[in-house]
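What follows is one structure encoded as structure tokens, with my remarks underneath.
Derivation of every value follows stated rules applied to the coordinates shown; laboratory data play no part. Note that the structure is a prediction, hence the values are computed from the model and not measured. All Cβ positions, glycine included, derive from the backbone under ideal geometry; neighbour counts span all protein chains shown.
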Protein chains: 2
Amino acid sequence: MINSDEKYMELALELAALGEGNVNPNPMVGAVVVKDGKIIGRGYHKKYGGPHAEVFALEDSGAEAVGATIYVTLEPCSHYGQTPPCAEKIIKMGIKRCVIATLDPNPLVAGKGVKLLKKAGIDVKINILKEKALKQNVVFFKYIERKIPYLFLKCAITLDGKIATESGNSKWISNEISRGRVQELRHKYMGIMVGIKTLLGDNPRLNARIEGGNNPYRIVVDPSLKTPENYNFIQNNKDNKSIIITSKRNIDSEKHLKFENNYNVKFVFLEGDRFTMREIIKEIGELGIDSILLEGGNSMISMAFKENILDGGQIFIAPKITGDNNAIPFISGFKIGTMKESIELKDVKFKVYGDNIAIEFSL
Amino acid sequence: MINSDEKYMELALELAALGEGNVNPNPMVGAVVVKDGKIIGRGYHKKYGGPHAEVFALEDSGAEAVGATIYVTLEPCSHYGQTPPCAEKIIKMGIKRCVIATLDPNPLVAGKGVKLLKKAGIDVKINILKEKALKQNVVFFKYIERKIPYLFLKCAITLDGKIATESGNSKWISNEISRGRVQELRHKYMGIMVGIKTLLGDNPRLNARIEGGNNPYRIVVDPSLKTPENYNFIQNNKDNKSIIITSKRNIDSEKHLKFENNYNVKFVFLEGDRFTMREIIKEIGELGIDSILLEGGNSMISMAFKENILDGGQIFIAPKITGDNNAIPFISGFKIGTMKESIELKDVKFKVYGDNIAIEFSL
């Protein structure tokens, strides 16, 4: 029995993954309905605010659901939110057995769905492929528990660790395949953040240029409000997703009022002129953004490592060498005596993209 | 016929590769004798100065060789050197057909072996898997044509491109698997070279610590003759393979005389105090050393790239970050305005060694 439970849960997890990038800050969830060894219904959470995975799977199976087993990657909800509770729907449809990968991480509701199902006489089994399910929704779990967004670094470096020449030129370090991969990352994370120097240097569009891609929130950390009006960040804000994090000193500035009123740019004001990464991402979390792709530059990345606040990252290495001490390193500001004091990346995985290699890690 | 010719030549090339590290500055050569679709003899050049591949293969096949075909990865020699000419042996043994991957690169003898064979009525076919054969002996071909050693870089760097902390600490950047791989490289190349700073910082043994490994010649570029007497480089010179490249100014120094007389250290003297990589490797080539593994440090590597004199290299990247601007980069001294001006590595290949990645390249 265990084996087939795992098999169907595996399928439910695969279905869940189809919602990646479209459901944040909700979790990815998948569901499969099985009767007499036959799959009779499939579903997944497709879109933030839309119906849950169980609803799709149960409607897919229809009247056949009576006496069947449902596999869900996350505990069915028990409360009326944007949709009616799934636990009720499962009961109503006549499901006999419910297999769940992991309980709801929200301590206020964890176990409530299971209780409801059990009360209705349904045979409930939990923690099937739990680790996998937790990993799939690592962003959601972190955010729901701490309201702090998941912070993931992306940068492209030369073999000597540089992200730009002394004059700020960085086009291009990585190859086309790597740059395509970045578009996928931008779709996956809810926000994308850069420092003001990167914005000024690159005038980036910061959107997800893949088919059906969701554009992330675009965030610039700009203490002195230097973002130019004619830049993509301001001009291409038709989706109202540009956010400037700046000093409170700029609250009465003409630029702030103009950007806000004429371009619908959202503002977050912080005390002082030097922010910590901790306060920055806390504020972003409060806007309902559950995950941030940090794309540079040097001072943002250095700050994130200094505060030991990154959850993971992917660094693309190009087979190029600047050999120039004045070129801009991706990280600086540390002082170490021996190699043992260096920052060690964990859970290292490599992906080859043509002549570029991406090193993925956690911290 | 083509297909089986290639098949047997492939085997001959595989046999040739078994001589790697033991035959320099001779080429690796393999030979296979085939009769009626059956392999009746195999051989390869095992050891510098020892019998050639054809001799082993022909002796392996014995009297059966009459009327057979021999596959050789390099044109059989036609002159009396350390061993009698192989072309004669092939004729004597009654071989009917001879298939050769590539002609001898030495213009003085190229084609002479073939001529001898043809004159004896043997059917000769050349250039079967020629590219592969040339690649296998790239070191030999470069050296025989130009008397300049093949120069291959090996270094281990952090993700931010450093080879040591500011104080010179570098133990360890790469992991154990990578360090094991370096021992193989040391066996493969005839010489291993470092700058004086690396020698002073690491007191390296510079030997090939693998079973049956050949120790390379150990070379230090030490213009001011700073090598300490109590270091491995001097003390462990039982095989008389330590070579110091220094300024002519040190010719009458006590240290020179002591190192030479008491420890059998070999000396190469160059004009001035600042040498070019070009003159260094030319001198090494004149000592009969056909290949050099350049192991650092910063100034040696920077010089090799500056003079565009490297043939290739392998850089091991460890998932570590110093974040320290004062840590020692593997390369410096260049000035570039745009990324397009950076050095681009070619023929890039990746090898994963645990959590380290090695990028192999040519230039």
Quiz prompt | Karplus-derived HN-Hα couplings along segment B:11-20 (A = 6.51, B = -1.76, C = 1.60, θ = phi - 60°), whole Hz, x at Gly and Pro | solution = 5, 4, 5, 5, 4, 4, 4, 5, x, 3
Self-check item: Charge-dipole axis of chain B as Lys and Arg at +1 and Asp and Glu at -1 on Cβ define it, positive-most pick from B:H187, B:A358, B:N325
Solution: B:H187
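Could you tell me the ratio Rg/Rh of the protein assembly as shown? Both radii from Cα atoms, Rh via Kirkwood.
Working: Rg = 33.4 Å, Rh = 30.4 Å.
A ratio of 1.10.
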Quiz item: Ordered by residue, what ³J(HN,Hα) values in Hz, to whole numbers, does segment A:241-253 give under the Karplus form 6.51 cos²θ - 1.76 cosθ + 1.60, where θ = phi - 60° and Gly and Pro are x?
Solution: 10, 8, 10, 10, 9, 9, 6, 4, 4, 8, 5, 9, 6
Quiz item: If Lys and Arg each add +1 and Asp and Glu each add -1, what is the summed charge of the other residues whose beta carbon sits under 12 Å from the beta carbon of A:V348?
Solution: 0
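How would you rank A:F152, A:F269, B:F334, B:F233, going from fewest to most other Cβ atoms within 10 Å of each one's own Cβ?
Numbers: A:F152 22, A:F269 14, B:F334 19, B:F233 26.
Placing the least packed residue first, the sequence is A:F269, B:F334, A:F152, B:F233.
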Quiz prompt | Dipole of segment A:164-282 [Lys/Arg +1, Asp/Glu -1 at C-beta], most positive-end residue of A:N261, A:P216, A:F275 | solution = A:P216
Quiz prompt | Distance in nm between pseudo-label sites at A:N3 and B:K135 (7 Å out along the Cβ direction from Cα) | solution = 4.4
Quiz item: Once amide H atoms are placed 1.01 Å from N in the peptide plane, what residues at a sequence separation of 5 or more from A:N325, or on another chain, have their amide H within under 5 Å of its amide H?
Solution: B:G333, B:F334
Quiz prompt | Structure-based [θ]222 nm, chain A - -39500 (n - 2.57) summed over DSSP H runs of at least 4, per residue, nearest 500 | solution = -8500 deg cm²/dmol
Quiz item: For B:N264 and A:W172, what is the calculated FRET efficiency with R₀ set at 60 Å and r taken between the beta-carbons, to the nearest 0.05?
Solution: 0.65
Practice problem: Report the relative contact order of segment B:145-221, percent, no decimals, based on alpha-carbon pairs under 8 angstrom and at least 6 residues apart. | Solution: 28
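Give me D for segment B:82-212 in µm² s⁻¹, whole number, from Stokes-Einstein with Rh from the Kirkwood sum over alpha-carbon pairs, 4 °C and 1.567 mPa s. Could the numbers behind the result be given before it?
Details: Rh = 18.9 Å.
Estimated diffusion coefficient is 69 µm²/s.
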Quiz item: In degrees between 0 and 90, to the nearest 10, how far off the longest principal axis of chain B does helix B:176-188 point, with axes built from Cα atoms?
Solution: 60
Quiz item: What number, in percent, do you get for the relative contact order of chain A if the mean sequence gap of Cα pairs under 8 Å and at least 6 apart is divided by its residue count?
Solution: 16
Practice problem: Quick one: of B:K135/B:K282; A:K154/A:K241; A:K47/A:K125; B:K154/B:K349, which pairs are farther than 24 Å apart, Cα to Cα? | Solution: A:K47/A:K125
Quiz item: With labels modelled as points extended 7 Å from the Cα through the Cβ direction, what inter-label distance (nm, one decimal) is found for B:E254 paired with A:I251?
Solution: 7.7
Quiz item: Each residue of segment A:61-67 in turn: what ³J(HN,Hα) in whole Hz from Karplus with 6.51, -1.76, 1.60 and θ = phi - 60°, glycine and Pro shown as x?
Solution: 8, x, 5, 4, 4, 4, x
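Using 0.36 nm per residue, how much length does the chain from A:E20 to A:R97 gain when fully extended, once their Cα-Cα distance is taken away? List each step's numbers first, then the result.
Details: separation 77, 0.36 × 77 = 27.72 nm, distance 2.74 nm.
Going from the current span to full extension adds 25.0 nm.
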Exercise. Among B:L287, B:V72, B:S4, flag the residue with its Cα farthest along the positive direction of the charge dipole of the protein assembly as shown, charges on Cβ as +1 for Lys/Arg and -1 for Asp/Glu.
Key: B:S4
Quiz item: To the nearest 10 degrees, how steep is helix B:254-263 against the longest Cα principal axis of chain B, on a 0 to 90 scale?
Solution: 40
Exercise. Taking the Cα atoms of segment A:101-178, report the difference between the largest and smallest coordinate on each principal axis, in whole Å and largest first.
Key: 68, 25, 18
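Would you tally the net charge around A:N203, using a Cβ to Cβ cut-off of less than 13 Å, leaving A:N203 out, and scoring K and R as +1, D and E as -1?
Local net charge: +3.
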Quiz prompt | chain A: antiparallel DSSP beta bridges as a percent of all, rounded to 5 | solution = 40
Exercise. Would you pull out the residues with amide H under 5 Å of A:L74's amide H, same chain only if 5 or more places away, H placed 1.01 Å from N?
Key: A:G30, A:A101, A:T102
Quiz item: What nm value, rounded to one decimal, do you get for the distance between B:T338 and B:E211 when each label is placed 7 Å out toward the C-beta?
Solution: 5.5
Quiz item: At a Förster distance of 30 Å, what's the computed FRET efficiency of A:K306 paired with A:L108, Cβ-Cβ distance as r, to 0.05?
Solution: 0.30
Quiz item: Is chain A best put as rounded, prolate or oblate by its Cα gyration tensor, with a ≥ b ≥ c the root eigenvalues, rounded for a/c under 1.5, and otherwise prolate when a/b is larger than b/c, oblate when not?
Solution: prolate
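Which value, in debye to the nearest 20, describes the size of the charge dipole of the protein assembly as shown about its Cα centre when Lys and Arg Cβ atoms bear +1, Asp and Glu Cβ atoms bear -1, and nothing else is charged? Provide the component values of the computation, followed by the final result.
Details: 100 positive and 86 negative charges, 76 e Å.
The calculation lands at about 360 debye.
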Quiz item: Residue of B with Cβ nearest the axis relating B to A, plus distance in whole Å?
Solution: B:G161, 2
Exercise. May I ask for the distance between the Cα centers of segment B:176-230 and segment A:190-222, given as a whole number of Å?
Key: 48
Quiz item: Once the Cα atoms of helix B:277-286 and of chain B are each reduced to a long axis, what angle between those two axes, in degrees from 0 to 90 to the nearest 10, is obtained?
Solution: 40
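Can you pull a Stokes-Einstein diffusion coefficient for segment B:235-363 at 10 °C (1.306 mPa s), Rh from Kirkwood over Cα pairs, as a whole number of µm²/s? The partial results should precede the final answer.
On the way: Rh = 17.7 Å.
Estimated diffusion coefficient is 90 µm²/s.
Could you pull out the GluC sites (Glu not before Pro) across segment B:202-269 that fall in loop regions by DSSP (anything but H, G, I, E, B) with no more than 13 other Cβ atoms inside 10 Å? Mind showing how you got there, number by number?
Working: sites: B:E211, B:E229, B:E254, B:E260; in loops: B:E211, B:E229.
Answer in residue order: B:E211, B:E229.
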Quiz item: Considering amide H positions built from the backbone, and no H for Pro or chain starts, which residues 5 or more places from A:K125, or on another chain, come under 5 Å of its amide H?
Solution: A:C98, A:V99, A:I100
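Might you report the magnitude of the Cβ-based charge dipole of segment A:211-363 about its Cα centre, with Lys and Arg at +1 and Asp and Glu at -1, to the nearest 20 debye? Don't skip to the end; give the middle numbers.
Working: 19 positive and 22 negative charges, 39 e Å.
Dipole of segment A:211-363, to the nearest 20 debye: 180 debye.
Can you give the FRET efficiency to the nearest 0.05 for A:D347 and B:K38, using r as the Cβ-Cβ distance and R₀ = 60 Å? Intermediate values should be presented prior to the final figure.
Values: r = 53 Å, r/R0 = 0.88.
For R0 = 60 Å, the calculated efficiency reads 0.70.
Any idea what the relative contact order of segment B:73-114 is, in percent, if you count C-alpha pairs under 8 Å spaced at least 6 apart? Please report the intermediate quantities before stating the final value.
Values: 43 pairs, mean separation 22.9, N = 42.
For segment B:73-114, the relative contact order is 55 percent.
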Exercise. Please state the charge dipole magnitude for segment A:49-178, taken about the Cα centre, from unit charges on C-beta atoms (+1 on K and R, -1 on D and E), reported in debye and rounded to the nearest 20.
Key: 480
